[in-house]
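Visitor: Mind looking over this structure? Questions follow.
The values are calculated or read from the model by the stated rules, or taken from the named source; none is laboratory data. As the structure is a computational prediction, the values presented were derived from the model and not from experiment. Backbone-built Cβ (ideal geometry, glycine too); neighbour counts: all protein chains shown. Heavy atoms of the whole protein, side chains included, go into the accessibility calculation; ligands, DNA and RNA do not. Shrake-Rupley method; radii C 1.70, N 1.55, O 1.52, S 1.80 Å.
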Amino acid sequence: MKWRRLWSLRRWSHVFQRIFGYLASSRISLGDKLLFLIPVVLYWVLPDVMPLLPIDDIGVTMLLMNWFVSRVERKYPDLLEKDQGTAKRVR
């Protein structure tokens with residue numbers, strides 16, 4: 001992932017707009033959703049498991065949100081176009 005993209009406000013607004021819709025969507029498999037939810041919940045509940053990782057809980061959650069949205073949009077390319085009609089992908 002490019003650092004410019006990671007720091008882009010446009011990218012983060014895209015991630016925050018899409019994450020809850022993707023988690024609630026019935027077209028995305030439960031396994032894909034669990035790949036995001038399990039690490040996030042474990043890191044929030046057991047933060048001392050990885051004491052050498054100097055990232056706050058919200059930082060880990062945001063990085064995983066970005067990864068999840070990117071993965072869903074690559075794996076289900078028709079999902080974004082169907083939900084948003086003429087929306088453009090953020091690159």
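Visitor: Filter segment 18-29 for residues that are in a helix (DSSP H, G or I), open to solvent by less than 70 Å² (accessible area, probe 1.4 Å) and of a type in the set (A, V, I, L, M) and give the result.
Guide: Applying the first criterion (in a helix (DSSP H, G or I)) to segment 18-29 yields 18-24.
Pick out the ones that are also open to solvent by less than 70 Å² (accessible area, probe 1.4 Å) and you get 18-19, 21-23.
Of everything in segment 18-29, those that are in a helix (DSSP H, G or I), open to solvent by less than 70 Å² (accessible area, probe 1.4 Å) and of a type in the set (A, V, I, L, M) turn out to be Ile19, Leu23.
Visitor: Is it the case, given these coordinates, that Arg5 is of a type outside the set (A, V, I, L, M), modelled with pLDDT under 80, open to solvent by less than 50 Å² (accessible area, probe 1.4 Å) and in contact with a Lys or Arg (Cβ under 7 Å, 6 or more places away or on another chain)?
Guide: no
Here is a yes/no grid of residues against (1) in a helix (DSSP H, G or I); (2) open to solvent by 70 Å² or more (accessible area, probe 1.4 Å); (3) at pLDDT 85 or above:
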{"site": "Gly31", "(1), (2), (3)": "yes, no, yes"}
{"site": "Trp44", "(1), (2), (3)": "yes, yes, no"}
{"site": "Pro51", "(1), (2), (3)": "no, yes, no"}
{"site": "Ser70", "(1), (2), (3)": "yes, no, yes"}
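Visitor: Within the set of pairs 6 or more residues apart or between chains, which connect a residue that is within 14 Å of Leu79 (Cβ to Cβ) inside segment 10-27 to a residue that is modelled with pLDDT under 85 and open to solvent by 10 Å² or more (accessible area, probe 1.4 Å) with Cβ atoms less than 8 Å apart?
Guide: His14/Val90; Gly21/Asp83
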